[in-house]
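Comments concern the structure below.
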Amino acid sequence: VALPDPVGEVVRGSTLPNGIDLRQVRVPLGVVGIIYEARPNVTVDAAALCLKSGNAVLLRGSSSAHASNLALATVLRDAVEGVGLPADAVQLVPGESRESVRELMRARGLVDVLIPRGGASLIRTVVEESTVPVIETGTGNCHVYVDALTDIGMAVEILVNSKAQRPSVCNAAETLLVHQDIAADFLPRALEALAEAGVTVHGDERVLTLADAAGTKAAMVPATEADWGTEYLSYDIAAAVVDSLEAAVAHIRQWSSGHTEAIVTTSQAAARRFTRLVDSTTVAVNASTRFTDGSQFGFGAEIGISTQKLHARGPMGLPELTSTKYIVTGDGHVRP
């Protein structure tokens, strides 16, 4: 409620040399469809965000939460109507079968944009089968890279927070990359800390060798090729020793889902190079991956975290639920 209304905001504007006044202003996207799984809190978050940004919203939650979603939507519609807005600005898509989802995905011309929120399978289905434009809120195969020059205590704390503070969310770390020059000093402490947090480490050969030499009691299993691309959403993490910062970046480019990557370093040069080379929605320097979040960024609630580049990227707050249009104001101007 306290956040500014983005609709009508002037993004840019100027008076052209011919005297025409030109303004680019924010406008609602229109009718926004949200397809989401499980948590009924999304019903309220999505409705509030869409209404605040001037949009109508069509909500299609999972069948397992249908009764809760129906009750919440009824309350929301009554509240909307009670302040003089059309109740149909918030609607729950009827039906609990997959056919109702397909109908929503095929409603091109009636629905302006679809936003899926859920697991990789749901997102992939919506992206591949929808004829309505989709803003893809992607999965989070996030990485923590510990540089050769680093504060080991800080690196351990950031790693454990990134992985274990809440492992079932998309901004939790799924892979640890450690520079070879710091690995012998860092990994024994890191593995013990991960073990205390209940995390199983899927380590490459060099990680397993260093763990064995240090006599760590951490839960360790050999990493497979599949581990590098896995979003565990559990108390598991893949771990590898890399030869250089460039090798870490190459690994991230190959396996990342483009969500969030973090570097822990005391070198400003390394931090600058990492942030320049890594192409994800968010790159953290000496901070947990868990900060990639609408509320943490000060955006209020978020509709999702977009991992694509069009039309929004990163945590999607109110401005990301708008488009823009141009207002051209003249005084009898005609084009010569």
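Bear in mind that the values in this text are calculations on the coordinates, not laboratory data. Everything quoted here is computed from the prediction, not taken from an experiment. As a convention, Cβ positions derive from the backbone with ideal geometry for all residues, glycine included, and neighbour counts pool all protein chains shown.
Only the Cβ atoms of Lys and Arg (+1) and of Asp and Glu (-1) were treated as charged; on that basis the dipole of the chain about its Cα centre amounts to roughly 960 debye. Lysine pair count for the chain with Cα-Cα distance under 27 Å and sequence separation of 8 or more or different chains is 5. Using a Gaussian network model of the chain in which every pair of alpha carbons under 10 angstrom is joined by a spring, one finds that among 303, 237, 20 the greatest mean-square fluctuation is at 20.
Taken one residue at a time, the phi angles of the stretch 219-224 give Karplus couplings (6.51, -1.76, 1.60, θ = phi - 60°) of 6, 10, 9, x, 6, 10 Hz. Gly and Pro are set to x.
Relative to the longest principal axis of the Cα atoms of the chain, the long axis of helix 120-129 makes an angle of roughly 40 degrees. Amide H to amide H, with H built 1.01 Å from N, residue 306 comes under 5 Å of 314, 316, counting only residues 5 or more places away or on other chains.
For the chain, a Gaussian network of Cα nodes joined below 10 Å ranks 133, 17, 319 by mean-square fluctuation, and the top entry is 17.
Can you tell me the 0 to 90 degree angle between the C-alpha axis of helix 66-82 and the longest principal axis of the chain, rounded to 10? The two axes meet at around 40 degrees. Any chance you could give the angle, 0 to 90 degrees and rounded to 10, that helix 180-196 forms with the longest Cα principal axis of the chain? That helix lies at roughly 70 degrees to the long axis. So the label point goes 7 Å from the Cα of residue 285 along Cα→C-beta, right? Which residues of the stretch 133-165 then have their backbone N under 16 Å from it? Residues passing the 16 Å test: 145-151. Spatially, the stretch 229-284 and the stretch 145-202 are offset by 12 Å when compared through their Cα centroids. Result for the chain in a Gaussian network model with C-alpha springs under 10 Å: among 113, 127, 11, the largest mean-square fluctuation is at 11. Can you match Cα extents along the principal axes in Å to one of these, [x] 59, 48, 33; [y] 77, 57, 35; [z] 62, 45, 41, based on a calculation from the structure here? Correct label is [y].
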